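The values are calculated or read from the model by the stated rules, or taken from the named source; none is laboratory data. Since this is a predicted model, take the numbers as computed values, not measurements. All Cβ positions, glycine included, derive from the backbone under ideal geometry; neighbour counts span all protein chains shown.
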Amino acid sequence: MTPEAAAETFVETLVIGGGPGGTPAAMALAQAGRRVLLVEAGQGLGGTCLFSGCIPSKIFRETAFRRQEAARASEFGLGDAPSTLPEVNWSTVQSRRHRILAQRAGGALAKANSLPTLEVVFGRARLTGPRSAVIERAGEPNRTIQFKTAILAPGSVPKHLPIPGADLPGVLDSETLISIGFVPDSLALIGGGPIGIEMAQIFAQLGTKVSVLEAAPRILGPVDATLADLLAQHLTDSGIALETGVTLAKIEGVEDAHQVHFTRDGESHSIAAQVVAIVAGRHPNVAGLGLETTVVRHGPHGIHVSDSLETDEPGIFAIGDVVGHPMFAHWANAQAHAVARHILGQPAAFPHPEHNSAVIFSSPEIGMVGLTEEAARARNDKISVAEYDYRIDARAQISGETLGRLRIVYREDDQRIVGVHVLAEGAADLMGEAALAVRNGLTLEQIAASIHPHPTLTEAFGLTALSALARPSQG
Ligand SMILES: Cc1cc2nc3c(=O)[nH]c(=O)nc-3n(C[C@H](O)[C@H](O)[C@H](O)COP(=O)(O)OP(=O)(O)OC[C@H]3O[C@@H](n4cnc5c(N)ncnc54)[C@H](O)[C@@H]3O)c2cc1C
């Protein structure tokens, strides 16, 4: 049979990509009884987040964090200070990753298969027109599809850097770094964004000598500057070399001996590393989608969409990393639910970037919701910031993790909270209250009047709001 010879299928909605965007969108539509076809080119449902992003990086982080904890056990009255840290059994770490991934992907597929109007197909989908597509499957005939609506959720791919040596076989990206078979002696990470900083601390805690090269004057560009500076100092104190303001020249090397050449302020420098990984961000993944057969437009920041995430081709929507920043799993998921409701004709709250929350899983973690102080001031609002230093915090003192700061950004006129930024071990789990406050425009008064349990890290929200309210008015 020729590849194009298979029967044609008609579906109400075709969803391309089974990541945190496509999978929930497909399931929400099928739960409402719509006939949906979900096509995934990879090994299972879960996307970058499950197979090479959020989940594997946090699995590695857990091992690294626990190893570091072992070093501190004697501080808490447990044994003597160890002369060496626990050895890392990397194959156990990687097997644990495979086990968790398989369990999660299996769970997602079982849930999808339980929905009678949802069909999941593993293959690569390509649009062939505004209402048609073809699915290519290895060793099987192609399937042609006609659809009423489509949701494009093909995610993103690691950014390539146009410098000599970036394509050397031993130079990794965020995806190949996840499947590395050993803990390197030394690692140069090109990129000081969230992925670079998470990986830097993970490998440093596992015993690797780590350098981070960042083109911007500071790491974690979009993060609150006070928190980014505090974390940068902590990374430097813990032995990670942060090289900021650099221009990369080239990478040289063979297999496990690389030299990264760069300039700063006109001077040439180089660093040696067993492994080099380019983690300088991600590009929307539009290649091979067949967009040229439609009027869907795209640019460097991804597929162009309206406020309701519809492309220029009526009936074709796009969600997740393929529509550009912010690129987060929970963001893709929020867009998925909004688009599904919209297609079902229900009222949909499309998420707004100013309400997005995000966590950088550094140690300590950084959690953020809404506007930074700089971004809020740039809008000409009269802004104040209420701050709390976790060194005085009961819970932080108990856990021995006192490096931390909470910064609440609020408007002076009505005291509405427009941003919350936290550096603290445990910040990730503080973001729920912060997200609720920013999304609903809560005031300092409302936060202060909410009773926060003691002793917890969330107490800081109430205490900080109270002390800001007690300040003499600046007006
Ligand atoms: C190292 C790392 C750590 C991260 N950590 C976090 C984190 O802690 N928290 C967080 O929120 N986000 C994190 N992210 C980002 C997160 O992974 C992405 O924002 C999220 O996965 C985007 O979801 P998506 O559905 O848009 O795309 P993806 O998850 O990329 O899924 C797209 C899917 O589409 C499939 N596909 C592509 N083209 C086709 C085609 N033509 N036909 C069929 N299928 C196709 C792909 O195989 C893929 O499975 C991290 C990313 C990385 C790289």
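Applying the selection to the stretch 171-180, what residues are surrounded by 16 or more Cβ atoms within 10 Å (Cβ to Cβ) and out of contact with any helix residue (DSSP H, G or I) (no Cβ under 7 Å at 6 or more places or on another chain)?
Val171, Leu172, Asp173, Ile180
Being within 11 Å of the ligand (Cβ to nearest atom), among the hydrophobic types (A, V, I, L, M, F, W, C) and either touching a Phe, Trp or Tyr at 6+ places or on another chain (Cβ under 8 Å) or closer than 20 Å to Leu50 by Cα (or both) narrows it down to one residue among Val121, Val93; which is it? Break it down into steps so the answer makes sense when it comes.
On the way: Val93 fails: within 11 Å of the ligand (Cβ to nearest atom).
Sole residue among the options that is within 11 Å of the ligand (Cβ to nearest atom), among the hydrophobic types (A, V, I, L, M, F, W, C) and either touching a Phe, Trp or Tyr at 6+ places or on another chain (Cβ under 8 Å) or closer than 20 Å to Leu50 by Cα (or both): Val121.
Filter the stretch 190-227 down to the residues that are part of a helix (DSSP H, G or I) and away from the ligand (no atom under 14 Å from the Cβ) and list them by number.
Matches in the stretch 190-227: Ala204, Gln205, Ala225, Thr226, Leu227.
Looking for something within 16 Å of the ligand (Cβ to nearest atom), of a type in the set (Gly, Ala, Ser), surrounded by 15 or more Cβ atoms within 10 Å (Cβ to Cβ) and assigned to a helix (DSSP H, G or I) - is there at least one such residue anywhere in the stretch 340-358?
Checked the stretch 340-358: at least one residue is within 16 Å of the ligand (Cβ to nearest atom), of a type in the set (Gly, Ala, Ser), surrounded by 15 or more Cβ atoms within 10 Å (Cβ to Cβ) and assigned to a helix (DSSP H, G or I).
From the list Ile240, Ile178, exactly one residue is modelled with pLDDT of 95 or more, within 16 Å of the ligand (Cβ to nearest atom) and not assigned by TED's automatic domain parsing to the domain that holds Ser384. Which is it?
Checking each option against the conditions leaves just Ile178.
Take Thr128 and tell me if it is not in a helix (DSSP H, G or I) and not acidic (Asp, Glu). Please lay out each step first, then the result.
On the way: not in a helix (DSSP H, G or I): yes; not acidic (Asp, Glu): yes.
Yes; evaluated as a whole, the condition is true for this residue.
In the stretch 150-172, how many are out of contact with any Lys or Arg (no Cβ under 9 Å at 6 or more places or on another chain) and not hydrophobic (A, V, I, L, M, F, W, C)?
Of the residues in that region, 6 qualify.
Could you check, for the stretch 318-329, whether at least one of its residues is in a loop (DSSP other than H, G, I, E, B) and more than 15 Å from the ligand (Cβ to nearest atom)?
Quick first cut of the stretch 318-329, residues in a loop (DSSP other than H, G, I, E, B) only: 319, 324-328.
Subsequent filtering for residues that are more than 15 Å from the ligand (Cβ to nearest atom) retains none.
Scanning the stretch 318-329, I find no residue that is in a loop (DSSP other than H, G, I, E, B) and more than 15 Å from the ligand (Cβ to nearest atom), so the answer is no.
Could you tell me whether the stretch 145-164 includes any residue that is part of a strand (DSSP E or B), more than 13 Å from the ligand (Cβ to nearest atom), at pLDDT below 95 and of a type outside the set (Gly, Ala, Ser)? Before the answer, list the steps.
From the stretch 145-164, those part of a strand (DSSP E or B) are 145-152, 156-158; that's our starting set.
Now restrict to residues that are more than 13 Å from the ligand (Cβ to nearest atom): 146-149.
Now narrow it down to the ones that are at pLDDT below 95: none.
There is no residue in the stretch 145-164 that is part of a strand (DSSP E or B), more than 13 Å from the ligand (Cβ to nearest atom), at pLDDT below 95 and of a type outside the set (Gly, Ala, Ser).
Could you check Leu38 against (1) away from the ligand (no atom under 15 Å from the Cβ); (2) crowded, with 19+ Cβ neighbours inside 10 Å and say which number it fails?
(1)
On the given criteria, is Pro116 more than 24 Å from the chain's Cα centre (by Cα), assigned to a loop (DSSP other than H, G, I, E, B), more than 14 Å from the ligand (Cβ to nearest atom) and closer than 30 Å to Pro326 by Cα?
No: the conditions fail for Pro116.
Considering every residue within the stretch 384-393, establish whether at least one is surrounded by 15 or more Cβ atoms within 10 Å (Cβ to Cβ), in a helix (DSSP H, G or I) and in contact (Cβ under 8 Å) with a residue 12 or more places away in the chain.
yes
Being closer than 14 Å to Asp237 by Cα and surrounded by fewer than 24 Cβ atoms within 10 Å (Cβ to Cβ) is the filter here; which residues of the stretch 206-217 pass it?
Those that are closer than 14 Å to Asp237 by Cα and surrounded by fewer than 24 Cβ atoms within 10 Å (Cβ to Cβ): Lys209, Ser211.
Which residues, taken from the stretch 5-28, are under 19 Å from Phe317 (Cα atoms) and more than 15 Å from the ligand (Cβ to nearest atom)? Spell out how you get there, then give the answer.
Filtering the stretch 5-28 for residues under 19 Å from Phe317 (Cα atoms) gives 10-28.
Within the stretch 5-28, Phe10, Glu12 meet the criteria.
Given the options Leu457, Leu442, Leu430, name the one that is within 13 Å of Asp389 (Cα to Cα) and not assigned by TED's automatic domain parsing to the domain that holds Leu220.
On the way: Leu442 fails: within 13 Å of Asp389 (Cα to Cα); Leu430 fails: within 13 Å of Asp389 (Cα to Cα).
Criteria check complete, one pass: Leu457.
Hey, can you tell me all the residues within the stretch 67-106 that are of a type in the set (Val, Ile, Thr) and part of a loop (DSSP other than H, G, I, E, B)? Full working, then the answer.
In the first step, residues of the stretch 67-106 are kept if they are of a type in the set (Val, Ile, Thr); the result is 84, 88, 92-93, 100.
Residues satisfying the conditions are Thr84, Val88.
Quick check on the stretch 295-311. Is at least one of its residues away from the ligand (no atom under 14 Å from the Cβ), surrounded by 14 or more Cβ atoms within 10 Å (Cβ to Cβ) and assigned to a strand (DSSP E or B)?
Yes: one or more hits.
Whether any residue in the stretch 394-403 is at pLDDT 95 or above, in contact with a Lys or Arg (Cβ under 6 Å, 6 or more places away or on another chain) and not assigned by TED's automatic domain parsing to the domain that holds Asp229 is what I want to check.
First, the residues of the stretch 394-403 that are at pLDDT 95 or above: 394-403.
Next cut, in contact with a Lys or Arg (Cβ under 6 Å, 6 or more places away or on another chain) only: 402.
Next cut, not assigned by TED's automatic domain parsing to the domain that holds Asp229 only: 402.
Yes, the stretch 394-403 has at least one match.
So which residues in the stretch 56-75 are within 18 Å of Ile180 (Cβ to Cβ) and more than 8 Å from the ligand (Cβ to nearest atom)?
The answer is Ile59, Phe60, Arg61, Glu62, Thr63, Ala64, Arg67.
Filtering the stretch 45-55 down to residues that are in a loop (DSSP other than H, G, I, E, B) and on the phi < 0 side of the Ramachandran plot, which residue is nearest to the ligand (Cβ to nearest atom)? So that I can check it myself, show each step before the final result.
Quick first cut of the stretch 45-55, residues in a loop (DSSP other than H, G, I, E, B) only: 45-46, 53.
If we keep only those that are on the phi < 0 side of the Ramachandran plot as well, we get 45, 53.
Numbers: Leu45: 8, Gly53: 3 Å.
Only one residue tops the list, namely Gly53.
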